[in-house]
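What follows is a single structure, written as structure tokens, with notes after it.
The values are calculated or read from the model by the stated rules, or taken from the named source; none is laboratory data. Note that the structure is a prediction, hence the values are computed from the model and not measured. Using ideal geometry, Cβ is built from the backbone for each residue, glycine included, and neighbour counts are taken over all protein chains shown.
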């Protein structure tokens with residue numbers, strides 16, 4: 001019988017991979033292949049890329065220019081392209097529309113036989129083309145052309161060049177760190193501490209300019225198997241005859257992933273979904289997109305496994321994602337009333353949506369769904385005051401809505417009302433805010449609800465205040481945000497409260513955090529992938545799940 005290792009049995013935390021950051025002004029990695037280069041057979045080039053800008057031509061990878069290679073990157077319009085130098089720099093593969101900044105993409109280029117196909121996030125793009133030439137160029141660069149031009153501004157992670165066609169049809173982008181497979185020529189950009197570290201390399205890799213390792217990564221992990229969550233206790237062998245599995249608490253079994261969904265950026269609604277790991281700090285990472293349209297002013301709620309986005313720009317659509325798996329949304333059903341600028345909260349079982357506007361009327365409607373199923377919402381009851389742009393907090397039993405815009409002067413409100421989530425009925429008066437505000441963000445730990453930011457109408461505020469959810473009453477001062485914002489989003493992991501995005505003097509992508517059980521001013525967490533307002537946030541471990 002083999003040895004059963006307790007550290008392996010207990011281990012379930014997937015360690016993150018790494019990337020290399022390029023600032024667009026002379027940064028690159030350079031290396032040389034053997035004299036035969038990629039050759040004239042099958043090959044696969046793949047990597048994850050995140051661009052900070054779309055200005056000018058930006059090359060991600062280049063093989064000796066002239067007559068023996070090719071290069072891939074984006075043009076000045078943000079269109080992703082492959083230029084084949086054997087065909088006199090002919091533009092062979094391109095995405096039909098411009099890519100977005102501040103978002104991770106997985107790119108792959110595969111030659112199978114004589115056909116080269118490009119794949120964007122696992123989907124074939126553009127038109128395949130025939131090229132059986134011998135790509136014998138030996139000098140290669142990541143982050144710019146081989147001629148030291150067209151530098152990229154962004155990040156590249158998990159860069160792999162392989163002799164052999166790994167993908168021959170559409171595929172699901174890798175969820176784990178790329179591995180050394182047969183035929184691998186280069187496997188790099190996976191370390192968060194060294195830009196030149198590589199699992200496989202043909203020789204020396206040189207970091208030029210300020211090219212540097214980074215911990216900013218796509219949703220890619222090191223382990224080959226996602227075994228789940230971390231349980232804080234270790235596996236025990238109490239006797240020679242039996243094993244005690246790892247223990248842990250409900251809090252530990254939640255992953256701590258916060259989602260930010262939809263929103264409005266200057267001149268357009270956005271379908272962006274990004275996420276953070278709340279227990280750490282750092283920038284948000286691309287999760288996927290909303291599948292519907294007009295969802296810029298919707299509201300999110302979640303169980304520990306599923307998040308639902310409902311409502312938006314005068315729609316009644318609901319869509320959902322599985323929080324642990326990055327993806328686009330799937331249809332869930334419809335709310336009872338189409339409206340925007342509403343707010344949502346939940347416990348593990350039931351999600352509720354309240355308020356909003358049907359334009360121009362303010363809504364007092366509350367409806368609910370059972371999160372684990374799909375289907376249309378059911379009427380729950382009514383708020384004490386119909387209003388839009390309100391904040392939320394929740395425990396596992398009680399949901400609270402605060403502030404908002406009642407639709408008549410002075411367009412701000414100090415109302416706090418609550419419901420018992422497991423029942424149905426109208427909301428009950430809870431107390432009052434310290435002033436009449438709208439556009440606040442809310443979060444909670446199951447005992448305490450915290451409201452931050454917002455607007456008095458004329459100006460945004462940086463106030464943070466809190467309530468004890470089980471006890472009706474007025475708010476108490478908590479501290480201040482370091483960036484005054486309104487129309488952002490708030491969520492938590494039960495310990496740490498998050499306030500992200502919104503608008504101060506301008507739209508912001510700033511994420512701030514507090515420790516909910518204490519009081520004090522907010523600290524910097526990182527940045528959203530996109531500066532925006534009128535979006536909502538949720539997590540797999542918010543106060544309603546404690």
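Observations, loosely collected:
- None of 133, 124 is assigned to a strand (DSSP E or B), surrounded by 15 or more Cβ atoms within 10 Å (Cβ to Cβ) and outside the structural domain of residue 262 (by TED's automatic domain parsing) except 124.
- Residues (closer than 30 Å to residue 528 by Cα and surrounded by fewer than 18 Cβ atoms within 10 Å (Cβ to Cβ)) located in the range 99-119: 99, 100, 101
- Residue match in the range 406-418 (condition: touching a residue at least 60 places away in the same chain (Cβ under 8 Å) and surrounded by 24 or more Cβ atoms within 10 Å (Cβ to Cβ)): no
- Breaking point among (1) at pLDDT below 90; (2) more than 14 Å from residue 329 (Cβ to Cβ); (3) in the same structural domain as residue 312 (by TED's automatic domain parsing), for residue 244: (3)
- Residue ranges of strands (runs of 3 or more DSSP E) in the range 463-546 with at least 2 members closer than 30 Å to residue 154 by Cβ and touching a strand residue (DSSP E or B) at 6+ places or on another chain (Cβ under 8 Å): 489-492, 496-500, 510-515, 523-527, 536-539
- Meets criteria (surrounded by fewer than 18 Cβ atoms within 10 Å (Cβ to Cβ) and free of Cβ contacts under 8 Å to residues at least 12 places away in the same chain) for residue 280: yes
- Just so you know, in the range 65-98 the residues that are touching a helix residue (DSSP H, G or I) at 6+ places or on another chain (Cβ under 8 Å) and part of a loop (DSSP other than H, G, I, E, B) include one that is modelled with the highest pLDDT, and it is 69.
So that you can scan it fast, the table gives a plain yes or no per residue for (1) closer than 14 Å to residue 31 by Cα; (2) part of a loop (DSSP other than H, G, I, E, B):
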position	(1), (2)
154	no, no
157	no, no
160	yes, no
169	no, yes
172	no, yes
186	yes, no
192	no, yes
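- Per this entry, residue 302 is counted among residues that are in the same structural domain as residue 538 (by TED's automatic domain parsing), closer than 22 Å to residue 497 by Cβ and crowded, with 18+ Cβ neighbours inside 10 Å.
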